[in-house]
Amino acid sequence: MNDLELKAAARRNRNSWILTAPALLWLTVFFLIPYLIVVVYSFLTPDIYEVKFRLSLTSYLDVVSSAYLRSLFLAFKLAFQTTAICLLIGYPVAYFIARSSEKIKNTLLILIIIPFWTNLIIRIFSWRIFLSYNGVLNDTLMRIGLISSPLEIMRTDLAVILVMVYVYLPYMILPLYSVLEKIDFTLLQAAMDLGANEAKAYFKVTLPLSAEGIFAGSILVFIPALGAYLIPQLVGNQQSLYIGQIITYKIKNIPRNWPLASALSLVLLFLVALLLVLMFTAYKRRKDKLKGLVA
Amino acid sequence: MSDIRLENLSKDFGSFRAVENVNLEIKSGELFSFLGPSGCGKTTLLRMLAGFEIPNTGKIQIGNKDITQLPAYRRQVNTIFQNYSLFPHMSVFDNVAFPLKIRKQPASTIKSSVLEMLSLVKMEDQHAKYPDQLSGGQKQRVAIARALINKPEVLLLDEPLAALDLKLRQHMLIELMNIHDLVGITFIYVTHDQGEAMSISDRVAVMNQGKIIQSGPPDDIYERPSSIFSAYFIGETNLISGTVSQVHDDYIELKCQIDKDEFLELDSTMHFTPLPGKELTMSLRPEKIAISRSKPRTQDDINFVRGTIEDILYLGTHTQYIVRVGKLRIRVFSQHKRVYFDEKALDWEEPVWLFWHDSDTWLIDEVASDTSPSGSDLEIASPYSRAVKKLGNQRI
Ligand SMILES: Nc1ncnc2c1ncn2[C@@H]1O[C@H](COP(=O)(O)OP(=O)(O)O)[C@@H](O)[C@H]1O
Ligand SMILES: [Mg+2]
């Protein structure tokens, strides 16, 4: 780069600072500072209503105790299951939409977005009505004669997964669709022309080319699913308490324990961050390799 | 040997017939071209050969094997796609190795074959690059290497040079011919560019609206077109309609109306014997016509026509004149050789003589109609005329 170009680049940098300033300010006031408060609280001593301003490490010691570890594990298990099922269902759907004609494509995409128009709590409550002991599902199954007495689905782990998949499926389908839609499908024909049957062509060409969508969709589902609170609370049971529920209880139920809630949140954040860093590293290595930086 | 035989091949898309009743034999090792305007069904025909479309009727044979229903991955036929279709997530090496890996060849064989193939297309030093990092011409070479590595019986090329610039196109054309000579397999080449087809092919099939209009060696099609379409589509020509007035032993006299009650008497040798009164079209290539300010010496087998220069276009290798003769506009190519030139260069609006040998014309047993390129008013093709636009629209 010569002098002039360097100056232009510097100017662009200065300008971009001005442009990002409002966003930075927003993030600082409403995201960074609250998080710092959480960090500080996690080192304080709990009290029945509020906190005592006395430093302590008891919260972190509590986190490692088995009850909370189980909730953490349950949360990871739920997030993992939700992601896997969303991927298994979402991939074929996204693939089908991506290969449909332009008109059908738009209709299907709108159908996927429509649920967002209804409030999440209302949608969860309709699931409760649908799944309940005397609900639509049991009613219908009994009427057809498939079952003789109602199934206990509400308040089971199955109900939680069912509703989780329902809520998070669009977050899997949309990024997958946007990647699959860009794949040049003549590449598949090229693969078959060169001797690959349908299955081989899929695994050697389509799948690797859709990796980016799988990655994005999985992150979009996995991370919010980890902190799930509303769904387990409304359709789950008290035997499987997820970490999101524990955190909420510790904040609002008396005796309160805000330092513990803070510590649990931070541990969760730390684990998610670790996971993301690992995934992005793997992703970036793949991408660099694609660019030929690593031969 | 593995000659290719197409029998009564047709393909419909809904009620639209994209390929109609194609019968052809392509010899093993031949470089065969399908030439026709865009939309005439070339790609569809090629896709049936590759196995991406199943014909509605007809049969495709390679050697004695009927491959009509065989899936693409089981045919000994590989394709160079128009956009190359290199796998973007694989290096050049892996792209070329793909067909061998699919067939689970040992790694050592793969490596040596890939490097050999890459050296054939002069890309051995680029093997670690990714498709994104290659130029159009380089991608083309990789696609060729990838398609040839399995030693197919037939290589299909669908407008392989369309995306390249002129110089590169000419260069790749020669390279393709060299590769064809080296590997010795059948190449089937599809293009809408008559120059490409003429220069590269052993034989050409001219297509229009799903049908094969004419097939044969390039010079045959150029010199002896069987229809107005092939005369017009291959090269440039003047099409003059007329009525046979007299039939002699070795030539006929043709009466051509050029104005309300003005006629031209033209002689032409013939390759079939029409009856007097028959309406015909005469194809007269622009480069076969001589142009001069002064009237040349009268000779028996030379046709003379008097006209006025309407347009002059200097094209470097030659000059194109449009000469108005009655309502005809005759296109003439004149090379810049001193001996053919008058002392002073010809000018706009100048009266000139056009003359050509009887045997330099070609009679087509067809009457130019509204739908044929020359048009009903006998207007002669010029780059600006309606007729050319009609065809030109269909070219890419
Ligand atoms: N899959 C298809 N569905 C419907 N029509 C098609 C399809 N493929 C090609 N066609 C039509 O068939 C005709 C021939 O197309 P094509 O073989 O691609 O022509 P070319 O390669 O000579 O330009 C065109 O009119 C095109 O619109
Ligand atoms: Mg085509």
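The values are calculated or read from the model by the stated rules, or taken from the named source; none is laboratory data. Not measured: the values here are computed from a predicted model. In this analysis, Cβ positions are derived from the backbone assuming ideal geometry, glycine residues included, and neighbour counts consider all displayed protein chains. Heads up: the accessible areas ignore ligands, DNA and RNA and are worked out on the full protein's heavy atoms, side chains in. Shrake-Rupley method; radii C 1.70, N 1.55, O 1.52, S 1.80 Å.
Couple of notes before you dig in:
- The residues listed here are B:ILE213, B:ILE221; of these, the one that is buried (at least 16 other Cβ atoms within 10 Å of the Cβ), closer than 21 Å to B:TRP356 by Cβ and of a type outside the set (Gly, Ala, Ser) is B:ILE221.
- Test: residue in the stretch A:197-209 that is aromatic (Phe, Trp, Tyr), open to solvent by 30 Å² or more (accessible area, probe 1.4 Å) and away from chain B (no Cβ under 14 Å): no
- Note on the stretch B:59-84: residues that are away from chain A (no Cβ under 13 Å) and open to solvent by 40 Å² or more (accessible area, probe 1.4 Å) total 5.
- Qualifying residue in the stretch A:268-277 (condition: within 20 Å of A:LEU209 (Cβ to Cβ), at pLDDT below 95, open to solvent by 70 Å² or more (accessible area, probe 1.4 Å) and aliphatic (A, V, I, L, M)): no
- Options A:ARG14, A:ARG54, A:ARG70: the member that is open to solvent by 80 Å² or more (accessible area, probe 1.4 Å), on the phi < 0 side of the Ramachandran plot and not assigned by TED's automatic domain parsing to the domain that holds A:VAL165: A:ARG14
- Inspection of the stretch B:97-107 finds a residue satisfying the criterion of being open to solvent by 10 Å² or more (accessible area, probe 1.4 Å), away from chain A (no Cβ under 14 Å) and at negative phi.
- Looking at A:TYR60, A:TYR91, A:TYR41, A:TYR49, just one residue is in contact (Cβ under 8 Å) with a residue 24 or more places away in the chain and either open to solvent by 90 Å² or more (accessible area, probe 1.4 Å) or not in a helix (DSSP H, G or I) (or both), and that residue is A:TYR49.
- Here A:LEU137, A:LEU169, A:LEU188 are screened, and the one residue that is in contact with a helix residue (DSSP H, G or I) (Cβ under 7 Å, 6 or more places away or on another chain) and either closer than 30 Å to B:LYS104 by Cα or open to solvent by less than 10 Å² (accessible area, probe 1.4 Å) (or both) is A:LEU188.
- Residue check, B:LEU156 open to solvent by less than 20 Å² (accessible area, probe 1.4 Å) and more than 16 Å from ligand 2 (Cβ to nearest atom): no
- Single condition B:GLN214 does not satisfy, out of (1) touching a Leu at 6+ places or on another chain (Cβ under 9 Å); (2) more than 16 Å from ligand 2 (Cβ to nearest atom); (3) modelled with pLDDT of 95 or more: (1)
- Within the stretch B:242-255, the set of residues being surrounded by fewer than 22 Cβ atoms within 10 Å (Cβ to Cβ) and either in contact with a strand residue (DSSP E or B) (Cβ under 9 Å, 6 or more places away or on another chain) or part of a strand (DSSP E or B) (or both) comprises B:THR243, B:VAL244, B:SER245, B:GLN246, B:VAL247, B:HIS248, B:TYR251, B:GLU253, B:LYS255.
- Note on the stretch B:16-40: residues that are part of a loop (DSSP other than H, G, I, E, B), within 23 Å of B:GLY195 (Cα to Cα) and away from ligand 1 (no atom under 15 Å from the Cβ) amount to 3.
- Evaluated against (1) surrounded by fewer than 22 Cβ atoms within 10 Å (Cβ to Cβ); (2) within 14 Å of chain B (Cβ to nearest Cβ), A:ASP157 falls short on exactly one condition, (2).
- Matching residues, the stretch B:1-25, being out of contact with any Ser or Thr (no Cβ under 9 Å at 6 or more places or on another chain) and within 16 Å of ligand 2 (Cβ to nearest atom): B:PHE16
- Subset of the stretch B:26-47 that is more than 22 Å from B:PHE229 (Cα to Cα) and away from ligand 2 (no atom under 13 Å from the Cβ) - its residue that is surrounded by the most Cβ atoms within 10 Å (Cβ to Cβ): B:ILE26
- Matching residues, the stretch B:48-79, being within 16 Å of ligand 2 (Cβ to nearest atom) and not in a helix (DSSP H, G or I): B:PHE52, B:GLU53, B:THR79
- Residue count for the stretch B:155-210, restricted to those that are away from chain A (no Cβ under 14 Å), away from ligand 1 (no atom under 16 Å from the Cβ) and not in a helix (DSSP H, G or I): 9
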